[in-house]
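For reference, the structure discussed in these notes is given below.
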Amino acid sequence: MAAAVYPIRLGFDCCYIIRERGLILIDAGLPGKAGIFRQAVDRLGIRPGDITLMVITHGHFDHIGSAKAIKDLTGATLAMHQPDAGWLEHSINPRIPGVTPWGRILAKPLNWPLPITHAEPTKVEIVLGDEDRPLDEYGIRGRILFTPGHTMGSVSVLLETGEAFVGDLAMNKIPLRLTPGFPVLAEDMDLVRASWKKVLDAGARVIYPAHGKPFASETIRAALGAA
Ligand SMILES: [Zn+2]
Ligand SMILES: [Zn+2]
């Protein structure tokens, strides 16, 4: 049986709970969203303490914002790749660079609040390396892939059934993008494309971005082909 996927809106972000034999959470939303998270899991009939792992796709404030509060609520182990893990552990808010004409325009207002928007720091128990990390021990048939490019420490979660949770390796939400595709904000677009090749070669079929609705992987395959 395929895993159940529950999207939870935490501000501008969509986090995902994945339920199979076990329960994991991907990403932790903007600061101050733990109450909304609690209501959402209550509605789903999920006990917070049954979520055993939080995988944070990368260290931007809209993904780590409520990590500490959600960790306190669930007791979940937190996994992130370096160097992004250090941003959460030390409450660092790096600039987010635009990589398209629109991304460069958007980066200005997006970067304004950074000096005053801080995620509460917390320890990252599992600092991921560049190799794949299986999720079997958390009751999920799938793995974490190292997919740098949007940030240098970005990761994705790929289920055996082809659902890929890619954080900001793709975007599909106004004002970021009108249609699904590559991020308009990134540190290294060559790495974004290399990471996408890795995700597609590993069998991704349905892409779940952190911003916007899921879409078919063919969209990215076509974009890569055109690049
Ligand atoms: Zn981001
Ligand atoms: Zn984001």
TODO: Towards the positive end of the charge dipole of the chain, with charges on Cβ (+1 Lys, Arg; -1 Asp, Glu), say which of P7, L23, L145 has the farthest Cα.
DONE: P7
Task: Percentage relative contact order, the chain, counting C-alpha pairs under 8 Å, at least six apart - done: 17
Task: Over 29 Å (Cα to Cα) - which of K123/K173; K68/K108; K68/K197; K33/K213; K71/K108; K33/K198 fall in this group - done: K123/K173; K68/K197; K71/K108; K33/K198
Open item on the list: Nearest 500 deg cm²/dmol is fine: what mean residue ellipticity at 222 nm does the chain get from its DSSP H runs of n ≥ 4 alone, each adding -39,500 (n - 2.57), divided by its residue count?
Closed with: -7500 deg cm²/dmol
- [ ] Note down the relative contact order for the stretch 52-181 as a percent, whole number, built from C-alpha pairs under 8 angstrom at least six residues apart.
- [x] 25
Open item on the list: As a footprinting exposure proxy, order K33, K213 by other Cβ within 10 Å, with the fewest listed first.
Closed with: K213, K33
Task: nm² value of the averaged projected area, convex hull over the Cα atoms of the chain - done: 11.0
Task: Net length gained if the chain between H118 and I92 were fully extended (0.36 nm per residue, minus Cα distance) - done: 8.6 nm
Task: Burial ordering of S91, S154, S66, S195, fewest other beta-carbon atoms within 10 Å first - done: S91, S195, S66, S154
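No lab work stands behind these numbers, since they all come straight from the coordinates. Computed from a predicted model, the values in this text were never measured in an experiment. All Cβ positions, glycine included, derive from the backbone under ideal geometry; neighbour counts span all protein chains shown.
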